[in-house]
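Report on one structure; see the data block that follows.
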Amino acid sequence: MSIITRKKGASKKKAPASQRTWSIGFLTLAVAVYIFYTYIVPHTPDGFQNQIQTWFPPSALNEALVWVIAALGLNIVVGYAGLLDLGFVAFWAIGGYTAGWFMSGFFYQINLHFGSESAKSFPGIHLSFWIVLLLGALICAFFGILIGAPTLRLKSDYLAIVTLGFGEIIPQVFVNGENIHGFNLSNGTKGISPVDNIGLFGKRLGPFDLNYKYMIFVFMAGLMVFISLRLRSGRLGRAWLAIREDELAASMMGVPLMKTKLSAYAVGAISGGLAGVAYATHVNGIFAERFQFSISIILLAMVVLGGMGNVWGVMVGALLIAWVNSTGLPALGNEINSTFNTNINFPSYTFLIFGGLLILMMLFRREGILPESRLKMVLHENDDDVENEAPHRNISEEEAL
Amino acid sequence: MALDSAPVLEAKNISVEFGGLKAVEDVSFDIPDRSVVSLIGPNGAGKTTFFNVLTGLYKPTSGFVIYNGEDITGVVPHKIAEKGVARTFQNIRLFGLMTAEENVMVAMHSHLKAGIIGTIIGSPLQRREEREAREEARALLTFVGIGKTAMEFARNLSYGDQRRLEVARALALRPKVLLLDEPTAGMNPQESAVFVDFVHKVRDEKNLAILLIEHDMSVVMKVSERITVLDRGMKIAEGSPADIKSNPRVIEAYLGKSAEVNK
């Protein structure tokens, strides 16, 4: 047993260094991908360019990064603090509508321009993308606390059900928000479109400036990773983990449960809001009907599949699932249909495949693709160190007497 | 003897009912500053319930808890912990998937000030605070004798070390009162003997009062300055170990029975 523990102790000591390695890897890969799309792909033969457009279009990459941002937020709530949230789409929607309100001609009665690159003659509120990001974060944090305050008193399953409710209510408010006593909150199912282009150093990023948006989204995802890792290693992160491990013991050690859970919820909501704003600029509009329950579930699948509690695992999970969802499956479907001369609508089987994938993961790799080291230990302890656990069990039986 | 010093924690006429079942009935009790006192009684006597009242987990049906002259009845557990009433658990309740050091640092939560922003940007204040907290945690782990296990996950520690870690974690609250709920459960006689010295060391070096719930009579008799006996929720005796040993009611209610069980 001492050998086992020593080995685990040693691997733990290396953890900070490995975080640095991962961070460097992430940045290197991000730059490499950027160079690949901007400088290399245009000089390749047309056939290769077509292949890239079919299998790895840059727009899908950007969308995947938006998913990464949201999934990293959900990871704080679910992975760190252990609060099961099935309504994360609510924050995505609120963030999206923040962009719709403050970055478009939607409020045409008002003519307010600040830091935006759009023409001054356009009516509506046009704020800089960066200010809207901040606003989205603040508004989502506010709603996170508003929703969290009454619900976080509930335990596990009940919390999941109530968050599920909020995840349904908020998009419905936007779907039906065309006429709230004469006030148009959301333009209903028609949505808000177009949303202003992002302004970057005096340049307006149009729908085809994908490489610049890519940089912005990578920066945002990187920021979320940084925030996650910093918070995790500090006072608050320890309290989150303690609550995940043993809520009662945590409260007995002076950790205020409500406040700590609320902060996890609020930080998660903030990143949901950032993702919402980013998504609105990515698709150039907000459409109420897109904010479906499935988004919450896909985000949760990303966190679980990637490796709960490990930011890098969550990132890999999010990129993978987002790619399968947006590109991989349709492209593979077309390939199969044209090869075998069949006519199967592959994208309609998305959830069948995700469901199957999750079941397989739960059967064979419960800890996710890149698990948090501590989680991996629990799920596999019965594999190799049963003898390690046995004495504990005997003692707890004695204690029960 | 510290028994004549002013009480740091006082329970006045505490009763706890669970839907008509009286778990604790009109128990008054005090813990003098820097004393070591014990609470004993047969299983189901209401000892742990009483503990849970002192730490805010249960609100008593009637009665008051006074800490340092302040009424803390019904105050939420984390506030009571913050004020300086720390405890360990009968069934060890560590944060298994956190390192020993992190476990101790969790209990420093209320002493640390870093907020979300300060933590993210890593302000000089936050960094210094973290460094000092880490040093304090290491010092506490060394104090309880498990300094070498700082980076190991709590669930991987041996049983005795887990017990010690619980004490280190409780001490991180900088308590004035430490409540130990059956700390020697599962220990062998040698370990229990070492534990007696350990309790006195904690009391003397950390300047606090200790209340023990304990089943092991040899430990109780050696470690306690005063013993209180509960039976069926009621206080039936209180006094020095020698008094308790010869008290017929106690022998009838507890010791006699216990001796049979131990066979």
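Miscellaneous remarks
- Selection within the stretch B:31-45 - in contact with a strand residue (DSSP E or B) (Cβ under 9 Å, 6 or more places away or on another chain) and open to solvent by 10 Å² or more (accessible area, probe 1.4 Å): B:Asp33, B:Arg34, B:Pro42, B:Gly44
- Residues that are within 14 Å of another protein chain (Cβ to nearest Cβ) and either among the polar types (S, T, N, Q) or over 30 Å from B:Met98 (Cβ atoms) (or both) were ranked within the stretch A:200-242; the one that is nearest to the chain's Cα centre (by Cα) is A:Ser228.
- Test: residue in the stretch B:157-166 that is part of a helix (DSSP H, G or I), open to solvent by 10 Å² or more (accessible area, probe 1.4 Å), modelled with pLDDT under 90 and on the phi < 0 side of the Ramachandran plot: yes
- Highlighted here would be strands (runs of 3 or more DSSP E) found entirely within the stretch B:176-255 that include at least 3 residues which are modelled with pLDDT under 90 and closer than 30 Å to B:Phe143 by Cα, but there are none.
- Single residue of B:Arg138, B:Arg131 found to be part of a helix (DSSP H, G or I) and loosely packed, with under 14 Cβ neighbours inside 10 Å: B:Arg131
- Filtered residue count, the stretch B:93-102, keeping only those that are assigned to a helix (DSSP H, G or I) and within 7 Å of chain A (Cβ to nearest Cβ): 1
- Check on B:Ser28, more than 14 Å from chain A (Cβ to nearest Cβ), open to solvent by 20 Å² or more (accessible area, probe 1.4 Å) and in contact (Cβ under 8 Å) with a residue 60 or more places away in the chain: yes
- Test: residue in the stretch B:124-144 that is of a type outside the set (Phe, Trp, Tyr), facing another protein chain (nearest Cβ under 9 Å), farther than 20 Å from A:Leu229 by Cα and in contact with a helix residue (DSSP H, G or I) (Cβ under 6 Å, 6 or more places away or on another chain): no
- The residues of the stretch B:103-115 that are in contact (Cβ under 8 Å) with a residue 24 or more places away in the chain and within 7 Å of chain A (Cβ to nearest Cβ), listed by number, are B:Met105, B:Val106, B:Ala107, B:Ser110.
- Unmet criterion (only one of (1) open to solvent by 70 Å² or more (accessible area, probe 1.4 Å); (2) among the aromatic types (Phe, Trp, Tyr); (3) within 14 Å of A:Trp101 (Cβ to Cβ)) for A:Phe174: (1)
- Taken over the stretch A:211-235, the criterion of being in contact with a His (Cβ under 9 Å, 6 or more places away or on another chain) and open to solvent by 10 Å² or more (accessible area, probe 1.4 Å) is satisfied by A:Arg235 alone.
- Counted residues, the stretch A:258-275 - those being at the interface with chain B (Cβ under 8 Å from one of its Cβ atoms) and without any contact (Cβ under 8 Å) to a residue 40 or more places away in the chain: 1
The values are calculated or read from the model by the stated rules, or taken from the named source; none is laboratory data. On a predicted model such as this, the values are computed, not experimentally measured, just so you know. We place every Cβ from the backbone using ideal geometry, glycine too, and count neighbours over all the protein chains shown. Surface areas here come from the heavy atoms of the whole protein model, side chains and all, with no ligands, DNA or RNA. Shrake-Rupley method; radii C 1.70, N 1.55, O 1.52, S 1.80 Å.
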